[in-house]
Amino acid sequence: MNSTAIAASGLRKSYGDKAVLDGVDLTVDAGTIFALLGPNGAGKTTTVNVLTTLLKADGGTARVAGHDLATETKAVRASIGVTGQFAAVDGLLTGEENLRLMADLHRLRGKDGKRVITELLERFDLIESARKPAASYSGGMRRKLDLAMTLVTKPGVVFLDEPTTGLDPRSRRTMWEIVRELTTDGVTIFLTTQYLEEADQLADRIAVLDHGHIVAEGTADELKRRVPGSHIRLRFTAATELATAAQILPGATAATDDGLTLSVPGDGSSTTLRALLDLLATHGIEAEQVSIHTPDLDDVFLALTGHATTEAEAR
């Protein structure tokens, strides 16, 4: 596969007079996990639908798995897998039958089909429930089966649109482990999510989409550094120590109501921390505990979009 798995330039899509995508540019390296963040209505699912050929863009260009989205549609579809927001499994069929149906649809029959089905059931820990109706599966099991069905054809690029929505924390972490394992096989993951922790845990790069525009892109750490608010917390054993420290440390404020903890602005670097501790030492003060606090992706998202990820919008 090309070193660039997905390259989009100036993608536009409107519904009536509402521009859902308004000039979206994206580049996703092969074998990486790319997360697209955004509130409801930002255009995440529309982006996925365009890149997976389910929707035709009004403008712009894109290449997926080395194929032009507009002129090589069949080649794009043959190279990708898609797992949508809702598990697309047939509840009346068993897990094994769901996988066999996908194999048959892709003309993967006989020994090859059986081998792939067995491998996927083992990989997703579904052997014991393979012959039970999918309707009896838990939410986490249904999502695992849904992803396993996506992988029947061994796609090079997999789109995961809100893959862990509605899952409990344990099932969500199980899905994270599976997604990480896919990239070790060279699979490229394009992930959309509203769970900021999910993007922080999984993504090699993150883009923030808001009102049809990419408003920021980078690694999780790069995005966090864009938001002010890093500080160092110092806990002392006595209130008198805190009072003295508050006088000598620029910008120091009380961090808690216990009267023993100060918050001091700082970037958390070793240089800043060393200078701060040296300053305390010159006044004969030593902090009992020291911790560094930096903005998380929630802070980044709020700063970039002005609202939380749970805000409901039209699309």
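The values are calculated or read from the model by the stated rules, or taken from the named source; none is laboratory data. Because the structure is predicted, anything quoted here is derived from the model rather than measured. Neighbour counts run over all protein chains shown; Cβ positions are idealised from the backbone, glycine included.
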Complete set of residues in region 182-209 that are more than 20 Å from Val300 (Cα to Cα), touching a residue at least 24 places away in the same chain (Cβ under 8 Å) and either in a loop (DSSP other than H, G, I, E, B) or not polar (S, T, N, Q) (or both):
Leu182, Gly186, Val187, Ile189, Phe190
Matching residues, region 1-49, being polar (S, T, N, Q) and surrounded by fewer than 18 Cβ atoms within 10 Å (Cβ to Cβ)
Asn2, Ser3, Thr4, Ser9, Ser14, Thr27, Thr32, Asn40
Can you pull out every residue in region 2-45 that is more than 20 Å from Val179 (Cα to Cα), modelled with pLDDT of 95 or more and of a type in the set (S, T, N, Q)?
Ser9, Ser14
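Report, by residue number, each residue of region 72-115 that is of a type in the set (D, E, K, R), over 20 Å from Ala130 (Cα atoms) and either outside the structural domain of Ala148 (by TED's automatic domain parsing) or surrounded by fewer than 15 Cβ atoms within 10 Å (Cβ to Cβ) (or both).
Once the filter is applied, which keeps residues that are of a type in the set (D, E, K, R), over 20 Å from Ala130 (Cα atoms) and either outside the structural domain of Ala148 (by TED's automatic domain parsing) or surrounded by fewer than 15 Cβ atoms within 10 Å (Cβ to Cβ) (or both), region 72-115 yields Lys74, Arg107.
For region 76-95, which positions are more than 22 Å from the chain's Cα centre (by Cα) and not aliphatic (A, V, I, L, M)? So that I can check it myself, show each step before the final result.
Step one: filter region 76-95 for residues more than 22 Å from the chain's Cα centre (by Cα), giving 76-78, 89-95.
Across region 76-95, the qualifying residues are Arg77, Asp90, Gly91, Thr94, Gly95.
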Where Thr153 falls short, out of the listed (1) assigned by TED's automatic domain parsing to the domain that holds Thr192; (2) of a type in the set (Ser, Thr, Tyr); (3) part of a helix (DSSP H, G or I)
(3)
For the structure I just gave you, tell me whether Ala135 is among the small types (Gly, Ala, Ser) and touching a residue at least 60 places away in the same chain (Cβ under 8 Å).
no
Strands (runs of 3 or more DSSP E) (entirely within region 213-287) containing at least 1 residues that are surrounded by fewer than 16 Cβ atoms within 10 Å (Cβ to Cβ) and touching a residue at least 12 places away in the same chain (Cβ under 8 Å):
213-218, 261-265
If I filter region 116-139 down to residues being surrounded by fewer than 19 Cβ atoms within 10 Å (Cβ to Cβ) and closer than 24 Å to Ala78 by Cβ, which single residue comes out as nearest to the chain's Cα centre (by Cα)?
Arg123
Any hit, region 53-70, residues being surrounded by fewer than 22 Cβ atoms within 10 Å (Cβ to Cβ), in the same structural domain as Val179 (by TED's automatic domain parsing) and within 30 Å of Asp299 (Cα to Cα)
no
Residues of region 183-202 being on the phi < 0 side of the Ramachandran plot and surrounded by fewer than 22 Cβ atoms within 10 Å (Cβ to Cβ), in sequence order, are Thr183, Thr184, Asp185, Gln194, Tyr195, Leu196, Glu197, Asp200, Gln201
Pull out all pairs, ordered by first then second residue, where Cβ-Cβ is under 6 Å, the residues are six or more apart or on different chains, the first lies in region 42-59 and is without any contact (Cβ under 8 Å) to a residue 12 or more places away in the chain, and the second is assigned to a loop (DSSP other than H, G, I, E, B).
Asn49/Leu55
